[in-house]
Amino acid sequence: MLRSRVVLPEGQVLQTVFASAAEPAGSLRWLPPVEGTVVGTLLNYRGELDALGDTLSAPPYQAPPKAPILYLKPANTHIGHGHDVAMPADVDGVWVGACLGVVIGCTATRVPAPHAADVIAGYMIVNDLTVPHASYYRPAIRHKCRDGFCPMGPWIVDCDDVPDADALDITVRINGEIKQRANTSTLVRPIAQLLADVTAFMTLEAGDVLLVGMPENPPLARAGDRIDIEIAHIGTLTTALVCPAQEGSR
């Protein structure tokens, strides 16, 4: 089952269920499928962690992480499928963060890994847009929390309709050209273990989203580019980057 939210031209929200992957025609505008907190995870793809090599054993880090490294994508970043993102004037390009989003279906506190499926409502695609930077030492608020830097959707796919969320192909296209391929099988912490580790110290509520991580070597996109992120069994999330003067929703 595919679940999403659209808004009519007058601003009235319509909660609906789509039976196919076709976009609604006309003037309907996609909203983020959820309204909860979006929690991101750093260094959760093996290739991303391996690429840093001995860097994580040197100052200021001192040692590789032993627990998930988390950050938030606040409400100002949240937009839906098909919306434009105005590039900040001080930013030349952004990393495309092709993330699988795990949508929480009920209050999740200290969830054992074997019971993770009990609290997962479904999955969606999230584009964790990020200003390129080198350091993981301080929270990257200026790099990850610009307006519109968390496109999500197009919908939520129920857990039962995703055969194995820990083995999903991810493809990123910029202007129609494939720029990245990844698979969730290379996660350092598979979804159930990541959810267990996070809920061991913080409660997630229904409608919250846990991002499993950004694959290594994220492609760079600039104003004028169209980004399509496809995740197997879920769909395709589309975002266009525009100059500030061109900002608007399609």
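Ordering 77-84, 140-147 by mean Cβ neighbour count within 10 Å, with the highest value first, yields 77-84, 140-147. Hey, any idea what Rg/Rh is for region 37-244, computing Rh the Kirkwood way over Cα pairs? Using Cα coordinates only, the ratio equals 0.94. Lysines near Lys179 by alpha-carbon distance under 25 Å, same-chain residues fewer than 8 away left out - which ones? Those lysines meeting the cut-off are Lys73, Lys144.
Can you check what the net charge comes to around Val131, using other residues whose Cβ is under 11 Å from the Cβ of Val131 (Lys, Arg +1; Asp, Glu -1)?
Working: positive: Arg142, Lys144, Arg146; negative: Asp90, Asp92.
With Lys, Arg at +1 and Asp, Glu at -1, the neighbours total +1.
Computed packing ranks the peptides 97-110, 160-173 as 97-110, 160-173, most packed first, by mean other Cβ atoms within 10 Å. Site pair Thr236 and Ile69 shows an inter-label distance of 3.3 nm when each label is modelled 7 Å from Cα along Cα→Cβ.
In this simple spin-label model, placing a label point 7 Å from the Cα along the Cα-to-Cβ direction at both Asn183 and Asp147 gives a separation of 4.1 nm.
All of the numbers you see were taken from the coordinates with simple rules; none came from a lab. Please read all numbers here as calculations on a predicted model, not as lab measurements. FYI the Cβ positions are ideal-geometry reconstructions off the backbone, even for glycines, and counts take in every protein chain you see.
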